Every structure is written in C-alpha cells, then in structure tokens.
Amino acid sequence: MAREGGALAETETHAAVIPGAPRTRTPELNPFEAVNFFFHRAADHIGLSDELRDVLTSSYRELTVQVPVRLDDGTLQVFTGYRIQHNGARGPYKGGIRYHPDADIDEVRALASLMTWKTAVVDIPYGGAKGGVQCDPTMMSMGEKQRLTRRFTSAISYVLGVNRDVPAPDVNTDAQTMAWMMDAYSGRYGYTPAIVTGKPVELGGSYGRDAATGRGVVYCLEEAARDYGIDLAGATVAIQGFGNVGSWVARLIGELGCRVVAVTDVKGGVHRADGLDVPALWGWAQETGSVVGFSGAEEISNAELLELDVDVLVPAALDRVINEGNADRIKARVVLEAANHPVTPAADDVLQEKGVIVVPDILANAGGVIVSYFEWVQANQAYWWDASEVESRLADRMRAAWLNVRDYAANNGLTLRTAATCLAVERVTEAHRLRGLYP
Ligand code: NAD
C-alpha cells in the first residue's frame, strides 16, 4: 500500500478500492476509486480492519431515478437522477444536488463519500450523501429547470427526511433550486423548511450560507499562512470557477491582503498581473453571465490559469482538474481545494514532492456544510440567528477543524489530506462502534 511521503504512481498504489477485488495495477481510477484511494491511505495509517474498509468504501443506499420533463417546445425528455447515501453513522445524510452532464453514478458516489469525511472532519452531526441529475442546465429555461427539480424531488422524496437526508445546492443549483425542492417536498409531507439547506433567507434559509463555503476557504488560507509562515501581503491568487464558491473566495480573499490576478469560468477567463478589480468583475459576470470580455484584462484559458506562477491556486469549479497531465507544471505554493476532488491521487503525490501545501477539500470547502448545519438547526427550532452570529460560529468551527488537522498532520508526519481523512475515519468508525452497527 501507499506510504505517506512516498511518491508512488497512481497506477501502482491503489489496492482493492473495490471490496474483495484483487490487488492489481489499474491504469485509470474513476472518481469513486480515487476518493477511496485517499481513504485507504488513511485507513492504512490507522490500521483499519478489512471489514470496516468494506463498509466505508461502498455506499449505504444508491437510488437511481427517471426524471421525465416536458420541455418548452412540447417534447418530453427523460433525464437520469441519483441520490446516493454513503454513510449515516454520525447523523442524517447530508450533501448537495448537482446538475451537470458529467454527474454520473461514479461521480455522485465519490462526492457522497467525501461528504461523510467532510462532516466528520469538521465534527458536525451528519453523515454523507450527494445527488445529481445528468443534464445541461445551461440549455434549459427556468420553467424547465423548475419542472426537473420538482419531478426529481418527488422521485427521491422517499429517502429524504429532516432526520434522514437533507440536500443542499452544488454545481448549477442554487437557493432558487432549494426553494423548489422544499416546496415539492412540503406539498407531500407538510411545511418542512429543514428538509433542504441553502434556501433563500425569506424561506427559512440562514444568513451567511451563500458566502459560507468561500469564507471557509479564506479562513483556511489565513490559518495556513500563519502556521507555515507565508506572507500574504500582495500574494497573488488564481481562481478557477466564478460561481458561488469561486466568486466569494475572490470577493473575500482581498481582506487578507491578497491580489486576485486571474479568474476563469466554463467559457474562458481573464488575467491581469497587477490584480483584477474584483467588484467590477463580479458586476460584469452578473451582467453578461461570464468573466470573459472583462475590460482591462488579457484572455486566459482554464489550462493556463492552473499553471500560472502565483502564490495561491484555488480550483473552485470541477473535479480532477489537477492530474497527471499538469501536476508537474503547477507553480503555486498553496493549493486551496475549494472544489471537491480537484486533485487526483497521482497529482497529489507530485504536488507533495514539490512541497506544495495542499489544503484538502474535506477541510477547505467545509464552510458551506457548516452553515448548512446552522441553517438546519435554526429551521428545526424555528428561530433564526443574525448574520454576525452565523459568521462568528463559522469562524470558530473552521479554525477548530484547521487546528485539529494541522496538529494531527504534524504529530504523525502526514500531509494535511491524509491527516484530515484519518481524523474523519476515526470519528466515523467510533460512531459505528458506539452504536453497535453490524454486531
Ligand atoms: P457553481 O455552479 O455556482 O459554479 C461553478 C463554476 O465553475 C462556474 O463559474 C462555472 O462556469 C465553472 N465551470 C463549470 N464547468 C467548468 C469547466 N469545465 N471549466 C472551468 N470552469 C467551469 O458551483 P459552486 O457551488 O461554486 O461549486 C464549485 C465547486 O465547489 C464544486 O466542486 C462543488 O462541489 C464545490 N463545493 C460547493 C459548495 C457550495 O456551498 N456551493 C460547498 C462545498 C464544495
């Protein structure tokens, strides 16, 4: 098995990611296998039994549903949707809903298991889940998206529940999507604001949820800089993705003295060595739907952005963007994993060899699920906190999680990723033991 610190190739290190499978060399890891690769590395460190590995490298429940939608042109299109519950030992299943053409079962499985480790590493009382519909929402009208969301919610509603499984937004879904989901669920089960998080504040959402993931990413950078002696005054930052997470990172990271020099989205990107005017860029993207064409900046592609000579690189779009093909050309000193699973196992080893500080997804982007937890708590008690209370509680939780992970890494000679995963796996397996699951 892979040892921490070793620069082992992806092809020769993942052993038996599928329970019972022979330990053979595999040329490509799908997203779920790749996430399980990181799991096995942590499981090796803590000496986890094969039985628990079998439980934790597969999903508890996988629901695939048909989602027929009447399109505006009168035709019917049938989409495929998923809700995957990975582990519920520590509490209700929790995780976002993604609308994307690539949201297949392996991707959703991977994202569901990451949610188990994320909720555990920041110590909130949830398990892990994820949902997705394979569709291209950029080609759909609001009416089509609403019909898709209502049909999908109805199809998965049997496995949801305030104390069972609580969805949230993810790529291409937002507060409006959550409002439709809540309404569709409430129509069947009675008014249930705690059934989803990331709702509009007017419908029982929490102040601060919108910015929470980006804010948590920025807290991690602040802590990492302090602990690893990085001067952030004038530090340069490149951000891939300018949606919920990327745009909030861009808007908040200046508070640390950093300069955002490049931003991309699905259509392309912009670069300005002196620093981009982020509020103006935000306005432009709101107006035009993309950062592309922003005045006073040069064009840059997504591939070029990742390889820029910057201090901090923030992948905040999709998974596996840093991989065997480009890892050795990454020049950033710090990679903040705002996106889920943006770095493949092989690339992770290359970055480690190069001395890049990688703040792993299950820690870096956990601010969103932390404030989702606050939203659920508030909706359950039907009493809402003000924005400053949400922010200070988020800061406390993110900083506590950072310190736990940093100390675990330092005390055991591990990377931040393996330390975070070890902590999470220990908490989940302790919950299994205490509950007497599978005696
Ligand atoms: P979003 O839909 O709001 O934004 C996604 C951004 O990525 C957009 O700017 C889009 O143009 C860009 N993008 C999409 N495809 C791309 C491509 N092929 N190349 C380059 N850019 C592309 O989504 P989001 O909520 O900001 O999520 C971004 C990432 O953060 C995802 O990995 C998601 O799982 C993760 N995440 C989100 C949250 C949350 O609270 N929203 C929480 C934790 C993690």
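FYI, it's all coordinate maths here, none of it is from the lab. Keep in mind that this is a model prediction, so the values were computed, not measured. Because the Cβ atoms are built from the backbone with ideal geometry, glycine has one as well, and the counts that use them run over all protein chains shown.
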Check your understanding: Given (1) in contact with a strand residue (DSSP E or B) (Cβ under 7 Å, 6 or more places away or on another chain); (2) within 16 Å of the ligand (Cβ to nearest atom), where does His341 come up short, assuming only one miss?
Key -> (1)
Practice item. Please name all residue pairs, on different chains or six or more residues apart, with Cβ atoms under 6 Å, provided the first residue is in the range 359-376 and is under 12 Å from Lys199 (Cα atoms) and the second residue is in a helix (DSSP H, G or I). Key: Val371/Arg209; Val371/Ala212; Val371/Leu394; Glu375/Arg209; Trp376/Ala194
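With respect to Asp170, is the statement that it is acidic (Asp, Glu), within 16 Å of the ligand (Cβ to nearest atom), touching a strand residue (DSSP E or B) at 6+ places or on another chain (Cβ under 9 Å) and in contact (Cβ under 8 Å) with a residue 24 or more places away in the chain true? Give the derivation first.
Working: acidic (Asp, Glu): yes; within 16 Å of the ligand (Cβ to nearest atom): yes; touching a strand residue (DSSP E or B) at 6+ places or on another chain (Cβ under 9 Å): yes; in contact (Cβ under 8 Å) with a residue 24 or more places away in the chain: yes.
In short, yes.
So that you can scan it fast, the table gives a plain yes or no per residue for (1) crowded, with 18+ Cβ neighbours inside 10 Å; (2) within 15 Å of the ligand (Cβ to nearest atom):
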position: Thr138; (1), (2): no, yes
position: Glu144; (1), (2): yes, no
position: Leu148; (1), (2): yes, no
position: Tyr158; (1), (2): no, no
position: Gln176; (1), (2): no, yes
position: Met182; (1), (2): yes, no
position: Ser206; (1), (2): yes, yes
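Sort through Ala424, Ala409, Ala364 and tell me the only one that's closer than 20 Å to Asp165 by Cα, in contact with a helix residue (DSSP H, G or I) (Cβ under 7 Å, 6 or more places away or on another chain) and not basic (Lys, Arg).
Working: Ala409 fails: closer than 20 Å to Asp165 by Cα; Ala364 fails: closer than 20 Å to Asp165 by Cα.
One residue alone meets the criteria, Ala424.
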Check your understanding: Within the range 202-212, is there a residue that is over 22 Å from Gly132 (Cβ atoms), over 19 Å from the mean Cα position of the chain (by Cα) and not in a loop (DSSP other than H, G, I, E, B)?
Key -> yes
Practice item. For Thr213, work out the one condition from (1) touching a helix residue (DSSP H, G or I) at 6+ places or on another chain (Cβ under 6 Å); (2) under 30 Å from Lys267 (Cα atoms); (3) away from the ligand (no atom under 16 Å from the Cβ) it doesn't fulfil. Key: (3)
Practice item. Counting only residues that are buried (at least 24 other Cβ atoms within 10 Å of the Cβ) and within 16 Å of the ligand (Cβ to nearest atom), give me the strands (runs of 3 or more DSSP E) lying completely in the range 218-319 with at least 3 of them. Key: 236-240, 259-265, 312-315
Exercise for review: Return yes when Ala332 is surrounded by 14 or more Cβ atoms within 10 Å (Cβ to Cβ), aliphatic (A, V, I, L, M) and more than 15 Å from Arg272 (Cα to Cα) and no when it is not.
Suggested key: yes
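Identify all residues within the range 67-103 that are of a type outside the set (Gly, Ala, Ser), surrounded by fewer than 22 Cβ atoms within 10 Å (Cβ to Cβ) and away from the ligand (no atom under 15 Å from the Cβ); write none if there are none.
Passing the criteria: Pro68, Arg70, Leu71, Asp72, Asp73, Thr75, Leu76, Gln77, Val78, Phe79, Thr80, Pro92.
Give Arg329, Arg393, Arg397 a once-over and let me know the one that is among the basic types (Lys, Arg) and within 16 Å of the ligand (Cβ to nearest atom). Before you say what the answer is, go through the steps one by one.
On the way: Arg329 fails: within 16 Å of the ligand (Cβ to nearest atom); Arg393 fails: within 16 Å of the ligand (Cβ to nearest atom).
One residue alone meets the criteria, Arg397.
Name every residue in the range 105-156 that is among the acidic types (Asp, Glu) and either part of a helix (DSSP H, G or I) or under 28 Å from Asp72 (Cβ atoms) (or both), in order of residue number.
Once the filter is applied, which keeps residues that are among the acidic types (Asp, Glu) and either part of a helix (DSSP H, G or I) or under 28 Å from Asp72 (Cβ atoms) (or both), the range 105-156 yields Asp106, Glu107, Asp136, Glu144.
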